[in-house]
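**Student:** Quick one: this structure, given as structure tokens, is what I'll be asking you about.
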Amino acid sequence: MTDSVDRNGGRVGNIPARLERLPIGRYHWTLVILVAFIYMYESLDLGITGTVSTVLGQFPGHTALLIAFFGVAVTVGIVIGMAFSGRLADRYGKRRIVLYGLLVLLGMSGIIAIIPANFPLLIALRVIQGIGAGAVYAFPYSYLAEFIPKSRRGYFIGFIDLFFVFGYFLAPLISLYAIPFLPASLSWRVVFAIGFVPIVLYPLYYKYIPESPRWLERNGHYEKANRIVSGIEDKIRKQYGKDLPAPVITEDLVEVEGTKPGIRDLFQKKYLRYSIPLWIYTSAMLSGFYISTIYAPTIFEAFGFTAFYALLFTMIMNGLMLFPKMGVMFTADRVGRKKLGILLMSLAGVFAILLYAVHSSLLLVVILVFAVFWAVNANSPLWRMFASETYPTTARQTGVYFNEMVSRLWSGVIFTLIIGYDIVSTSLIGSAKIHAIYFSYLLIALISIVGAMSVYLLKETANKQLEKIEYEIEQGK
């Protein structure tokens, strides 16, 4: 154990070491649940995009291009929000940025619910809402990674990712009762109004979400970090009724804590060797995710199902996604991130190729649409683990947000807009639209295979303390 002292009078590495040796307690679970619900708000909002798209054809002045732009509007906003939120979070703290972002994300749903039925205005407001979403999108997993001990980090990042499923399940469930049975002029407003309801929980986030102690210590605010960690320790000690184990401060932890990598370091070879394959992996996963999520109801309708059954299938597909993600949650810390990522992206590629090549049975088509969706989306917690664990504490948000920004710009805007235009186009009907859908899955297959190959180049981060990973990357290991 080392007794090095930093300029604030606190022992270097003291805060991370104290957090790492804590047993999981009620405090951790409270924090995890609060953060997990942020994911549910985000996925509910994105899921609304797909379900509302089914009635936008009745909007005054609609065109296929405007509907396609609506499909990517919130993602455009997310990319804009991510462009500056990561850097601001590294400079001013994660807590402040996420609180502002939540206000915009949730508040805009209420505003959209009461606006006039005007397509350009709707698209503009969705972009603004996306900026708020961009500020909070990468927060949950990168934030929790700094609180949870290394042996359970994958489990809890996987756990909060399950709440994405709840949001995507709720979106078609809400729409299932609103869209088929209410006038088109009212149904989309009801859906957005329900998306506004979670704002009543905002005071809980303001009160119970602390700043990251790791970030505070590395940025010279040791006393604030110490107060937060001491409070957590008191709660854990009281819950278990015994003293906590002594923190272990290793030499590599001391060496890392004495440095402060910034944005320039992220674009040097030592980090780029992992960032580039991470960008490719995340982009590949999100390409299949966006097409499957945003246009699922439209795809099912193209195969001849009514709006009711299209929404029902989408709801079932999203709900059953819970089980593949639970599999990742329970195995990521045991098996490792890389093996799972390669397996799941390869499966997504195989299922998508089968969907393109074998479509003699409508039942088989539906099963393969489900299978592609599940295999692609099971990667969601994995790339979040890689992103939150690969980058250094002082530049973690910049690295994480840049990864999301680059990936979503390609997959959620460019790829989705190009492919989505043909899927929603009213000029393509019958077999022409079916062919466009099959072709989109061929592209998803090719991209998924490339994604699987990129995972092989990533650094395995399972069961390693964040500072240990940072030390190894800095040393070129």
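**Student:** Would you compute, from DSSP H runs of 4+ residues alone, the mean residue ellipticity of the chain at 222 nm, taking -39500 (n - 2.57) per run and dividing by the full residue count, rounded to the nearest 500?
**Tutor:** -24500 deg cm²/dmol
**Student:** Please give the contour-minus-distance gain from LYS269 to ILE114: 0.36 nm per residue of separation, less the Cα-Cα distance, rounded to one decimal in nm.
**Tutor:** Between LYS269 and ILE114, full extension yields an extra 50.8 nm.
**Student:** Right, another one. In what sequence do THR393, THR306, THR49 fall when counting other Cβ within 10 Å, fewest first?
**Tutor:** THR306, THR49, THR393
**Student:** Go through 258-270, 213-225, 329-341 and give me the packing order, highest mean Cβ count within 10 Å leading.
**Tutor:** Going from most to least packed, we get 213-225, 329-341, 258-270.
**Student:** With a cap of 13 neighbouring Cβ atoms within 10 Å, and only residues DSSP puts in a loop, list the GluC sites (Glu not before Pro) found in the range 443-477.
**Tutor:** Taking the range 443-477 and a limit of 13 other Cβ atoms within 10 Å, the loop GluC sites (Glu not before Pro) found are GLU460.
**Student:** Consider the candidate values (1) 136; (2) 224; (3) 127; state which one is volume of the Cα convex hull per residue in Å³ computed from the structure displayed.
**Tutor:** (3)
**Student:** I need the peptides 288-295, 194-201 ranked by packing, meaning the mean over residues of other C-beta atoms within 10 angstrom, with the highest value on top.
**Tutor:** The most tightly packed comes first, giving 288-295, 194-201.
**Student:** So, one more: How much length is gained on full extension from THR30 to VAL358, taking 0.36 nm per residue of separation minus their Cα-Cα distance?
**Tutor:** Contour length minus the Cα-Cα distance gives 113.4 nm.
**Student:** Cα convex hull of the range 89-129: mean projected area in nm², to one decimal?
**Tutor:** Projected area, direction-averaged: 3.0 nm².
**Student:** Please determine, in degrees from 0 to 90 and to the nearest 10, the orientation of helix 322-335 with respect to the longest principal axis defined by the Cα atoms of the chain, where the helix direction is its Cα long axis.
**Tutor:** Taking Cα atoms only, the helix is inclined about 30 degrees.
**Student:** For a footprinting-style exposure proxy, rank PHE402, PHE439 by other Cβ within 10 Å, fewest first.
**Tutor:** With the fewest neighbours first, PHE402, PHE439 line up as PHE439, PHE402.
**Student:** Given a Förster radius of 35 Å and the C-beta distance between PHE330 and TYR177 as r, what FRET efficiency does 1/(1 + (r/R0)^6) yield to the nearest 0.05?
**Tutor:** 0.55
**Student:** Counting alpha carbon pairs within less than 8 Å and at least 6 residues apart, what relative contact order, in whole percent, applies to the chain?
**Tutor:** The value is 27 percent.
**Student:** Volume per residue, Å³, of the convex hull around the alpha-carbon atoms of the range 206-272?
**Tutor:** So the per-residue hull volume is 142 Å³.
**Student:** How large are Rg and Dmax for the range 268-338 when only the alpha carbon atoms are used, in Å?
**Tutor:** Computed over the Cα atoms of the range 268-338, radius of gyration and Dmax are 17.1, 53 Å.
Laboratory data are not the source of any read-out in this text; all were calculated from the coordinates shown. Keep in mind the model is a prediction, meaning the values are calculated, not measured. Positions of Cβ are backbone-derived with ideal geometry, glycine not excepted, and every protein chain shown enters the neighbour counts.
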